[in-house]
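Right, one structure below, let's go through it.
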Amino acid sequence: MFSRKKEKPQIDPLQRELYEHARKRIIQKKRLFQHFIVFIVGALFFMLLNLVLGYGKEITFFGIDWFVAAILCWSFLFILHFCNVWLFSKFMGKEWVNRQMERLIAKQKAEIALIQKDVDLMFPKEELLKRKDGFIKGKTSEIVGELKESTSTITMIAAAGENNALGKDNDLVWHLPDDFRRFKKLTTGHHIIMGRKTFESFPKLLPNRVHIIITRNKGYQAEGAIVVHSIKEALEMAKGDMQPFIIGGGEIYTIGMEYADCIELTRVHEAFDADAFFPDIDTKIWKLEKEEFHDVDEKHKYPFTYLTYKRKNT
Ligand SMILES: NC(=O)c1ccc[n+]([C@@H]2O[C@H](COP(=O)([O-])OP(=O)(O)OC[C@H]3O[C@@H](n4cnc5c(N)ncnc54)[C@H](OP(=O)(O)O)[C@@H]3O)[C@@H](O)[C@H]2O)c1
């Protein structure tokens, strides 16, 4: 259905030049080696002709046997060839290396300038300095305001039982495929902020999302994820995102409540035995904007309702 132009594979000119040089060099060495073999065989042949078969015994050049003179001339030519390949050849000489180095540095400088331009657009310097200053002076409430201003909607997304149960033994206590699908649809392409325990409950990284893990452990590392040590730092990391998601668990929802603008809560209509809980939603602060019921079916053991809360204007 689609007619796609066949594109020529792009080869970096630098790599192409390097490859061409290497290819020429191999050919040069191969020819020198062939020359050497022919020279040895030729010299032996001349000696055989003269010394064993007695051919041209009486012929001499400047007082030396013709075959010695021939071998000497050929030796001279071979030495010339040898010097040409090993001494005079400018294969990747110092000049060439310096030129390549200069080109590489210029290329990297251009790339860095481009990246810097993008960074400057995304994070204006004055704003970063202001924020850094604020953190140092501990102006938490101002920063909370600023973070809310700079990220459009900080959203907490969770599924909780009637008793606010979230999970037990670092795992969920229900299986609701439609809720998973909704979670995937809403969070794909965004930053997802989570506690260390929730992160460790995943079998692997969730695709197409930037993982930000909050932990008190300064040495904690997780491949493919960003590790931070406070919710403020996590939100700062997600600043360029128009809708970063706080995805749990219980401890992180509790500290995230203060920063959130929206809560996407799936209320599962059952009370569960749990060890992690969603915090209470204060209706003085939060307004229920939307609700959508999902009944029990063959894939969903419990009925549930998608609830969307928005922070009331203060
Ligand atoms: N139903 C849902 O929608 C849902 C969503 C997510 C998770 N869950 C469930 O929730 C449970 C996990 O929740 P949880 O409350 O036990 O753990 P959590 O919130 O996922 O992670 C707790 C960890 O976060 C770090 N942390 C917490 N507060 C911090 C702070 N102020 N500063 C720096 N680091 C901080 C600590 O990590 P360190 O110990 O490394 O310092 C702490 O142990 C699991 O059962 C999971 O399946 C359910």
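The values are calculated or read from the model by the stated rules, or taken from the named source; none is laboratory data. It should be emphasised that the depicted structure is a prediction, and the values quoted were computed from it without experimental measurement. Counting neighbours? That spans all protein chains shown, and the Cβs are built from the backbone with ideal geometry, glycine included. For the accessible areas, the whole protein counts, side chains as well, though only heavy atoms, and no ligand, DNA or RNA atoms are used. Shrake-Rupley method; radii C 1.70, N 1.55, O 1.52, S 1.80 Å.
Here are the numbers for the structure shown:
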{"read-out": "Helices (runs of 4 or more DSSP H) (entirely within segment 189-258) containing at least 2 residues that are near the ligand (Cβ under 7 Å from one of its atoms)", "value": "196-201, 250-256"}
{"read-out": "Enumeration of residues in segment 156-171 that are under 15 Å from L265 (Cβ atoms) and either away from the ligand (no atom under 13 Å from the Cβ) or of a type in the set (D, E) (or both)", "value": "E162"}
{"read-out": "Search result, residues across segment 35-60 that are of a type outside the set (S, T, Y) and in a loop (DSSP other than H, G, I, E, B)", "value": "L53, G54, G56, K57, E58, I59"}
{"read-out": "Residue in segment 201-215 that is within 20 Å of the chain's Cα centre (by Cα), surrounded by 15 or more Cβ atoms within 10 Å (Cβ to Cβ) and among the basic types (K, R) present", "value": "yes"}
{"read-out": "One residue from H300, H294 being open to solvent by less than 80 Å² (accessible area, probe 1.4 Å) and in contact with a Leu (Cβ under 7 Å, 6 or more places away or on another chain)", "value": "H300"}
{"read-out": "Only listed residue being under 60 Å from the mean Cα position of the chain (by Cα), at pLDDT 85 or above and exposed (fewer than 11 other Cβ atoms within 10 Å of the Cβ), chosen from V41, V52", "value": "V41"}
{"read-out": "Residue in segment 231-238 that is buried (at least 18 other Cβ atoms within 10 Å of the Cβ), β-branched (V, I, T) and more than 24 Å from D178 (Cβ to Cβ) present", "value": "yes"}
